[in-house]
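S.K.: Pasting a structure here, questions to come.
The values are calculated or read from the model by the stated rules, or taken from the named source; none is laboratory data. Please read all numbers here as calculations on a predicted model, not as lab measurements. Cβ coordinates were reconstructed from backbone atoms using ideal geometry, including for glycine residues, and neighbour counts include every protein chain displayed. Heavy atoms of the whole protein, side chains included, go into the accessibility calculation; ligands, DNA and RNA do not. Shrake-Rupley method; radii C 1.70, N 1.55, O 1.52, S 1.80 Å.
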Amino acid sequence: MDSPLFGSSVSEFEFPAYFNYFVMRKAVVLIVEGEREERDVRKVFEETLFGPKSFRGPHAESWREEDYGKDYSRNLKADFKREFEYFRCIPGTKKELSIEMLLSFKHFTPVSPSLAPPSLHPPSSPPYTPTSLCVIKPPEPNSDTIEIYKSYASQKYIINTVSPSNTVTGTATITPSEIQDPQQTTIDGFQKKSPPPRRPLTTLTPPSPKNYFSPPSFGCTILGNSHGFDPSGSVSGYVIWLNGRGILVDPPPFSSKTLEAEGVRRSCIIGVVLTHCHADHDAGTFMKILEGGGKVVIITTDTIYRSFIRKYSALSEISETFLRRSHRFRPAKIGEPLKIFGSVFKFFHSLHTIPCVGFRVEWRSRSIVFSGDHLNDPKTLEKLVKDKVMTRERANMLNEMPLQDCDLLLHESGAPPIHTTLEVLEALPEEVKARMYVVHTSNLPEDSTLRVAPTGTAGTIRISETVPGYVLPQNKALTPNPTPEQRRSSLLPADSILQPVSRSSIAANASSAYSPHGAFASMMDLEGRRAQLTRSETKGINAERTSNSSTLSLRETSSSDSWFMLSLLYNLPFVSDLAYASVMELLELSQIMTYVKGSTVLKKEERRDHLVMVWEGEIVECHTHDQDAREPVTFHAGDWTGPLTFQPNVDQSCEASSASKRRVVANSPGGVKIIKIAVSEFKFVLGTGSQLYSKFQEVRRIEKGLPASDSFGKIIKENSSLRHLNPIQHRHLESLTRSRVVYEPGDYLWRRGDFSDATFLVIRGSAEFLSCRGSWEINKARSGSLDTPRCATLEAALSEAKKSVDISDGGVDAASGFATVSRRRATIALPTSSATVEESLSRSFGSSNDLESAALDEKRHEALDSSDLRQHKVGRSAFVGNVSEFMLAEEEPDSKNISQGRHKSTLRAGCKGCEVIVFSKDDFMHFLNTHSGILLSLLGTEVVV
């Protein structure tokens, strides 16, 4: 994942389980650590296979009122209790699906090589000595047995294939920490891009924009067009463009990285619509949350949102409380319009195995309808009405859904009996098919009259740039990238070419199976919607045909422009810290300007005096010196240039090598729109309104008297994880580094039982963690990290831990990226609750109530420093602190758990002492709340090196 501190999962078991059962008719063997892991997986499948528990069982509810507007008709509501019961039943029987039909769980059990029976073949040579084992015996006779050994010391899995004659026929070794995240994964329609070739620069010829993408005012980009069962295609995902900004719909994994490669910055994505909680639709949403930066807005119904939180809390072992803090939730209600960035979304419940929504989005006089995952079959709907699974009114509404008037219909198709078949879509009226693209399908038969939606930015459907009354083409071919002149002369979009069609009444041409009923009457005006086209909109279209000026200047203003301008400015360091009055002053000082391609946006002598942020379009550096070795920097929408203080990315700042010799020019075909602020005025606003900026100036004054090697920037670059913080995160954290403290050898940074109220960054020297053996461990901060062997008692844990290898003075091996000393989020060898350790210590020192006051007494600290302890040493650039505890204390201040918010370990200065930067709890909490991805990644960790 893009968050540098959070390891992504490189495996997915949800759809393999579906495929094996529904296609291959057999269960998947899922190997998990133990009972807790099995319980978490079961929670996931309860949500994704059966839907929320509230709709199951004898006391199940039919729907939740929170999902609907107050005036929504009862007869139109989805009866989830009956609909999901219908999908759970195996066709032709009354027997319901169960998790056991899809999954067969296997656990690891402790093993000792010296006591292993002859039927097992554990590796015996260090460092591969195993600590636990899982054996898989196939049901078929005379088949090979699989032995999987887990070695805690080496952090490896050793897999043996054993023949029926008890002979090892093959061996494989897997090291989870060495499994690489598929960072270069691409989405259908988007190609991997290599760096452009070097070339001489001239003043008159700035770099030509290759495959430049300009978002439409209203339209749609298809990010993927397949489904979870397709091993080669990208799962379905979409971007709905509103006034040049994007709303992601069920984004595929790595969609942000893919869009970044096209010049679409994350600041241009203003929200995510989540339709339902199947892995091929919600995995990318969770990844989006973890990316860091500003908090993403999740838009869905309350029921779907709660299901999403439960599912990913179980998958990630992050509490629901913390997961909710990482983003913002905007509830969508069925029957109640939702205004988003100058548009109106109208949601409806589709027919699926779990709660799922589709929507209609209207922008001025144009509209897009998206079906969501949906079983759209008139015969099936009629049967469900007859069996009293749904009302006649709801069936009519679902029948009518694809028939409503719109500019673009995106309708899903997939495997029955939970998706719409191609035969049903082929039977739709020709007028409906003329404006419809099929999504969620890997391919179509050669003789099909349907069209698969084009993928990638090159296939973007630009509804706002077509004359009203035009619909989708009859042919499947796409015209590749017409020039702006061709677009202006033909009034056709740059990507998907729309053709004029005479529209007659839908009702007159619809087949008998599809009869309009009127349930969508509140969502559209079939008679007069086209007449709502305003004079200004027509004028804008005509002007684009003849004007040679910046076409961006012709994009009509929107009520959401001020909101988006403020959203862009909040990406600048320190702006998020400004009070309301200062923000208003900053808006007043900001100039909005447009330029045609090739014109100068910023003269070279002005670069140190102005901040320039790209609102829309593309600008690029340009100069006359051919001998300059540095490649020109291109700035996309959401990027900015200015002094290094306000643009920590050196390459994009005005202080980069030779930047003072380069002017900045508009480089996108339609021109560019920018925000320009005088640096002197920006400093004045920050100086009077931002405490964070004042702290940063104080830090810079302190660092002037320090060696360059002790600067925050130098130290942070030596941390294998924190060096990947983005420029804004880097500058924010740097502003909090005012306090530097020296600890003498043996001094405690914190003691077990102390309140967790600060975090530390080691500048020099070392510190060592002291903890009961078995309570803590060294983990690679990746999803595939091995867990400590499970032991039932403290004594067993201590005995087992003596076999493991202590860390040396060299610190944690960061060869695979980064490592953490982490408190286990999974089931652990020794429970880390204070009660367990206290119980053991009390047998030696007697009981104590010191936890109720402040900290453990000296006897207990002496116990923690005894030979039963394991020392984990950390050195320069290590970041230490227990984020989980002080966040929990903040979330649940009235908790009766006396150990909550307190350290479960002891940290003291090493033999030569240490110097650290201290981050106060309040300062660091503000940082984490601003950068939610980092908050999630630090939960459960004690140190990042």
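S.K.: Can you compute the FRET efficiency between Ala579 and Leu706 using 1/(1 + (r/R0)^6), with r the Cβ-Cβ distance and R0 = 25 Å? Round to the nearest 0.05. Working shown, then result.
M.R.: Details: r = 32 Å, r/R0 = 1.27.
So the FRET efficiency works out to roughly 0.20.
S.K.: Additional query: Determine ³J(HN,Hα), in whole Hz, for all residues of region 237-253 in sequence, where each value follows from phi through the Karplus function 6.51 cos²θ - 1.76 cosθ + 1.60 and θ = phi - 60°; x replaces Gly and Pro.
M.R.: Here the 3J(HN,Hα) series is x, 8, 10, 8, 8, 10, 6, x, 10, x, 10, 6, 10, 6, x, x, x Hz.
S.K.: When you count, for each residue, the other Cβ atoms within 10 Å and take the mean per peptide, how do 651-657, 116-122 rank with the highest first?
M.R.: Top to bottom by mean Cβ count within 10 Å: 651-657, 116-122.
S.K.: Treating the beta-carbon of each Lys and Arg as +1 and of each Asp and Glu as -1, no other charges, what is the dipole magnitude of region 280-335 about its Cα centre, to the nearest 20 debye?
M.R.: Values: 10 positive and 6 negative charges, 59 e Å.
Approximately 280 debye in magnitude.
S.K.: Along the Cα→Cβ direction, 7 angstrom out, place labels at Val168 and Ala427. What is the inter-label distance in nm?
M.R.: Rounded to a tenth, the inter-label distance reads 6.0 nm.
S.K.: Also: Of the accessible area of region 339-396, with the probe set at 1.4 angstrom, what percent is carbon plus sulfur? Write out the running numbers ahead of the final one.
M.R.: Values: 880 of 1670 Å².
Heavy-atom surface of region 339-396 belonging to carbon and sulfur, 1.4 Å probe: 53 percent.
S.K.: What is the percent carbon and sulfur in the accessible area of region 581-669, measuring with a 1.4 Å probe over the protein chains and ignoring ligands? Kindly include the intermediate steps, with their values, before the conclusion.
M.R.: Numbers: 1700 of 3570 Å².
The computed percentage sits at 48.
S.K.: Still on this structure, I have one more. Between Phe684 and Phe22, what length comes free when the chain is fully extended (0.36 nm per residue of separation minus the Cα-Cα distance, one decimal in nm)?
M.R.: On the way: separation 662, 0.36 × 662 = 238.32 nm, distance 6.47 nm.
Length gained between Phe684 and Phe22: 231.8 nm.
S.K.: Something else: Counting just the Cα atoms, what span does region 380-460 cover along each of its three principal axes? Round to the nearest Å and put the largest first.
M.R.: If we take the Cα atoms of region 380-460, the spans are 46, 26, 22 Å.
S.K.: If you line up the Cα atoms of region 105-169 on their principal axes, what length do they span on each, largest first, in Å?
M.R.: Principal-axis extents of the Cα atoms in region 105-169, largest first: 35, 25, 19 Å.
S.K.: Quick one: pull the percent of accessible area on region 41-142 belonging to carbon and sulfur, 1.4 Å probe, ligands and nucleic acids left out.
M.R.: Values: 3120 of 5830 Å².
In region 41-142, the share of accessible area belonging to carbon and sulfur is 54 percent.
S.K.: Per residue, how many Å² of accessible area does region 245-330 show with a 1.4 Å probe? Spell out each step's value before the answer.
M.R.: Working: 1970 Å² over 86 residues.
Solvent-accessible surface per residue comes out at 23 Å².
S.K.: Can you work out the FRET efficiency for the pair Ser119 and Lys53, with r the C-beta to C-beta distance and R0 = 51 Å, to the nearest 0.05?
M.R.: Values: r = 42 Å, r/R0 = 0.82.
Here the calculated transfer efficiency is 0.75.
S.K.: Do the alpha carbons of any pairs in Lys94/Lys379; Lys94/Lys383; Lys288/Lys346; Lys603/Lys704; Lys106/Lys311 sit beyond 27 Å of each other, and which pairs? Don't jump to the answer; show the numbers that get you there.
M.R.: Details: Lys94/Lys379 20 Å; Lys94/Lys383 16 Å; Lys288/Lys346 24 Å; Lys603/Lys704 31 Å; Lys106/Lys311 21 Å.
Checking Cα-Cα distances, Lys603/Lys704 exceed 27 Å.
S.K.: Counting only the heavy atoms of the protein chains, how much of Phe712 is accessible to a 1.4 Å probe, in Å² to the nearest 10?
M.R.: About 0 Å², rounded to the nearest 10.
S.K.: Then there's this: Can you compute the modelled spin-label distance between Val344 and Gln691, with each label point 7 Å from Cα toward Cβ, in nm?
M.R.: That separation, rounded to one decimal, is 4.3 nm.
S.K.: While we're on this one: Ignoring ligands, DNA and RNA, how do Tyr21, Tyr748, Tyr580 rank by accessible area with a 1.4 Å probe, largest first? Numbers along the way, then the final one.
M.R.: Values: Tyr21 30, Tyr748 60, Tyr580 170 Å².
Per-residue accessible area, sorted high to low, gives Tyr580, Tyr748, Tyr21.
S.K.: Moving on. Write down the accessible area per residue of region 618-699 in Å², having rolled a 1.4 Å probe over the full set of protein chains.
M.R.: Details: 2810 Å² over 82 residues.
The answer is 34 Å² per residue.
S.K.: Going by average Cβ neighbours within 10 Å, how do the peptides 39-51, 560-572 rank, with the highest at the top? Write out the running numbers ahead of the final one.
M.R.: On the way: 39-51: 19.5, 560-572: 17.5.
Top to bottom by mean Cβ count within 10 Å: 39-51, 560-572.
S.K.: Next up: With every protein chain present, what is the per residue accessible area of region 361-468 (1.4 Å probe, Å²)? Write out the running numbers ahead of the final one.
M.R.: On the way: 3300 Å² over 108 residues.
Per residue, region 361-468 has 31 Å² of solvent-accessible surface.
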